[in-house]
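The values are calculated or read from the model by the stated rules, or taken from the named source; none is laboratory data. This structure is a prediction, so every number in the text was calculated from the model and none was measured. Here the Cβ positions follow ideal geometry from the backbone for every residue, glycine too, while neighbour counts run over all protein chains shown.
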Amino acid sequence: MLLEIDNLAKSFGGVNAVRDVSLSVDSDQIVSIIGPNGAGKTTIFNLISGIYEADAGKILFMGRNIVGKPQHEIAGMGVSRTFQNIRLFKGLTVLENVMTALDAGSNYSVFSAMLTLPHKRRTDKANMLHALEALEIVGLTEYKDEQPSNLPYGLQRRVELARAIVSKPKLLMLDEPAAGLNPSELAAFISLIAELKQRFHFGILVIEHRMQVVNELSECIYVINFGNLLTHGNPKDVCNDPEVIKAYIGEDGNGAKDQKSLCQL
Amino acid sequence: MSAAYMNYLFSFLINNVFILMIGMLGVYVLTGLTGMFSMGQAAVMAVGGYTAAMLSKFLGMPLFITMPAAVSVGALFGFLIGIPAVKLRRDYVAIVSLGFGEALVAFLNNSASITGGALGLTAIPKYTTKPMIVVILLLTIIFIWNLKKSRFGRECIAIKSDELAAASMGINVARVKLLVFTLAGAISALGGSLYVHTTRYLDSAAFGWDQSSMWIVIVFFGGVNSLTGSIFAGIILGLIPEILRFSNELRIVIYCIVVLFIVNFRPQGLFGETELDWKTMKRIALALAGSFRRLFRLFQGQRQEQG
């Protein structure tokens, strides 16, 4: 198993953001986390990538417990992510933004950087080619010298995606990657993710509200509500689960009568 | 303007503006690239100056020993300021470095038996020549330029822009910050060693927080990410008070007005984030040529109308 989370818990003061969540992701598998706003989905991502330290529970990445490890080490092990609110680096071009994900892995010293020694030139050139390759995959080659803030929202999301995949991670975490995309962009995005999985075979963990993305892509869905794991299983079963529908639409709401399944959302 | 005045201005530019600019380049690496405010950078320059001054004055060491010694001691002090600073949030870094710098200056001022105290150190051997200062400044600029275009430059800018995202890219934020503090200390101390061997006099009072904050003004004036912008701003802001010397007190006012104008109307700095490299110069040249051509055509059109 690539990622295995056991009984994870995290609270902020009196708020139990994550209470008791267990989930697992395998390589070459897409797993989705869904749940109402404030359910604790992004907190789970932040716990995995080391931004917060878990209060209890284990996060096993390739068999090693990564709870308490600093963020950069976890990233170095092969966990990369995108952010819900885009976090691209201001002051760097699109290409340089993507290259930063590779820079931590290059090993030339300050002195060879200041003197531009051959070792530095070779490493940076190889990294640039990798970054260009990643930009080509997401279809942004023509914008490589732009400042990311000059790009429209949808393209900025794709820059973040390129930055996340360029280091060939083992686990890719996407936090609401389809938010704000229009229907045609959405279809293109879904096929892009499917293609990425086929090409690189990484495990993908997705937080998403758009049920179309979740249903078409994921093999397994975890439903979180108030920090608790509600249920998990394949998309069809989860969508028809009355508990899930209750959490999403409410018990006696008007929606519940017409909408028998989340699959139709 | 008399030739003597031009001559004076020229030697002021090299002996004063250029040397202080090396100190400022340390602040550029810290504040411009990495986004950390150091209010004690001038004190690190003073440390470099005292190291070089004492080694040469009391022990008769030549320049090729005093300069590397100053750089190493400066790097050490930069590292020491960096240790507490990397654990703190950005605004607290300014306070820590301010305290550190002021304490250092006060210490140097009060240990009169070694440093000369408030009287300062005098009769320090003069080792530098004008071409030498220019060459050392150019080398420093080239080194920093290369650094900016390497993984370290990208990591620094990433940290300045978004520390959390930088860490999730695998960047060891604390290590990069510590490295930058050390490097900035080395650069500023290099400027300090050149300063003492040029002016032959050192008084720690000149290296308090006012000098440090002046450097931060210069970096912001030029454009935070832009090395060429900082250099340009360093020359302009270094020369303005000297050129306006005839107007006595008014020069401070004019200086402040210039700075406030930039802060108000171009908050990203004179150059913003662009560097004045070949690509930008070519673009500017093409744009200028284009507008000249248009002007020329307009002019011709008018003549034809008249004819």
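Looking at the stretch A:57-89, which of the residues that are free of Cβ contacts under 8 Å to residues at least 24 places away in the same chain and under 26 Å from residue A:148 (Cα atoms) is surrounded by the fewest Cβ atoms within 10 Å (Cβ to Cβ)? Looking at the filtered set, the residue picked out is A:85. Restricting attention to the stretch B:145-165 and to residues that are at the interface with chain A (Cβ under 8 Å from one of its Cβ atoms) and of a type in the set (A, V, I, L, M), the residue that is surrounded by the fewest Cβ atoms within 10 Å (Cβ to Cβ) turns out to be B:164. Checking the stated criteria, residue A:113 turns out not to satisfy the condition of being of a type in the set (A, V, I, L, M), free of Cβ contacts under 8 Å to residues at least 60 places away in the same chain, within 7 Å of chain B (Cβ to nearest Cβ) and closer than 29 Å to residue A:1 by Cβ.
Looking at B:253, B:217, B:224 in this structure, which one is loosely packed, with under 15 Cβ neighbours inside 10 Å, among the β-branched types (Val, Ile, Thr) and either assigned by TED's automatic domain parsing to the domain that holds residue B:36 or modelled with pLDDT under 90 (or both)? Just a single option satisfies the conditions, and that option is B:253.
Can you pull out every residue in the stretch A:118-128 that is more than 10 Å from every other protein chain (Cβ to nearest Cβ) and surrounded by 14 or more Cβ atoms within 10 Å (Cβ to Cβ)? Scanning the stretch A:118-128 gives A:119, A:128. As an exercise: evaluate residue A:83 against (1) facing another protein chain (nearest Cβ under 9 Å); (2) over 20 Å from residue A:204 (Cα atoms); (3) among the aromatic types (Phe, Trp, Tyr) and give the number of the one condition it does not meet. The single condition residue A:83 does not satisfy is (2). Would you call residue A:187 touching a residue at least 40 places away in the same chain (Cβ under 8 Å), among the hydrophobic types (A, V, I, L, M, F, W, C) and surrounded by fewer than 21 Cβ atoms within 10 Å (Cβ to Cβ)? So residue A:187 does not fit the description; no.
Residue pairs whose Cβ atoms lie under 7 Å apart, separated by 6 or more positions or on different chains, with the first residue in the stretch A:140-163 and closer than 14 Å to residue A:85 by Cβ and buried (at least 22 other Cβ atoms within 10 Å of the Cβ) and the second at pLDDT 90 or above and of a type in the set (Ser, Thr, Tyr), are A:160/A:82. Count of the stretch A:217-241 residues, restricted to those that are of a type outside the set (S, T, N, Q) and within 17 Å of the chain's Cα centre (by Cα), is 7. Name the residue that is surrounded by the fewest Cβ atoms within 10 Å (Cβ to Cβ), counting only residues in the stretch B:190-214 that are of a type in the set (Ser, Thr, Tyr) and farther than 15 Å from residue B:101 by Cα. If we take residues in the stretch B:190-214 being of a type in the set (Ser, Thr, Tyr) and farther than 15 Å from residue B:101 by Cα, then B:201 is surrounded by the fewest Cβ atoms within 10 Å (Cβ to Cβ).
Scanning the stretch B:256-283 for residues that are within 21 Å of residue B:149 (Cα to Cα) and of a type in the set (D, E, K, R) turns up B:273, B:275, B:277, B:279, B:282, B:283. Identify, please: which residue in the stretch A:95-110 is more than 8 Å from chain B (Cβ to nearest Cβ) and surrounded by fewer than 16 Cβ atoms within 10 Å (Cβ to Cβ) and is, among those, farthest from residue B:153 (Cα to Cα)? It comes out as A:107.
Just to be sure, is residue A:131 exposed (fewer than 15 other Cβ atoms within 10 Å of the Cβ), of a type in the set (A, V, I, L, M) and more than 10 Å from every other protein chain (Cβ to nearest Cβ)? Taking the combined requirement at face value, the residue does not satisfy it.
The helices (runs of 4 or more DSSP H) found wholly in the stretch A:63-168 and carrying at least 2 residues that are in the same structural domain as residue A:1 (by TED's automatic domain parsing), of a type outside the set (A, V, I, L, M) and under 16 Å from residue B:162 (Cα atoms) occupy A:71-77. Tell me, please, whether a residue that is crowded, with 23+ Cβ neighbours inside 10 Å, in a helix (DSSP H, G or I), within 14 Å of the chain's Cα centre (by Cα) and within 14 Å of another protein chain (Cβ to nearest Cβ) can be found in the stretch A:25-41. So far as the stretch A:25-41 goes, no, none of its residues is crowded, with 23+ Cβ neighbours inside 10 Å, in a helix (DSSP H, G or I), within 14 Å of the chain's Cα centre (by Cα) and within 14 Å of another protein chain (Cβ to nearest Cβ). Looking across the stretch B:126-144, the residues that are surrounded by fewer than 18 Cβ atoms within 10 Å (Cβ to Cβ) and away from every other protein chain (no Cβ under 14 Å) come down to B:126, B:129, B:130, B:131, B:132, B:134, B:135.
Among the residues of the stretch B:166-176, those that are outside any loop (DSSP other than H, G, I, E, B) and surrounded by 24 or more Cβ atoms within 10 Å (Cβ to Cβ) comprise B:166, B:167, B:168. May I ask you to list the residues in the stretch A:11-56 that are of a type in the set (Phe, Trp, Tyr) and free of Cβ contacts under 8 Å to residues at least 24 places away in the same chain? Of everything in the stretch A:11-56, just one residue is of a type in the set (Phe, Trp, Tyr) and free of Cβ contacts under 8 Å to residues at least 24 places away in the same chain, namely A:12. Considering (1) buried (at least 16 other Cβ atoms within 10 Å of the Cβ); (2) aliphatic (A, V, I, L, M); (3) assigned to a helix (DSSP H, G or I), say which one residue B:270 fails and leave the rest. Checking residue B:270 against (1) buried (at least 16 other Cβ atoms within 10 Å of the Cβ); (2) aliphatic (A, V, I, L, M); (3) assigned to a helix (DSSP H, G or I), the one that fails is (3).
Residue-level analysis places residue A:92 outside the set of residues that are buried (at least 16 other Cβ atoms within 10 Å of the Cβ) and away from chain B (no Cβ under 14 Å).
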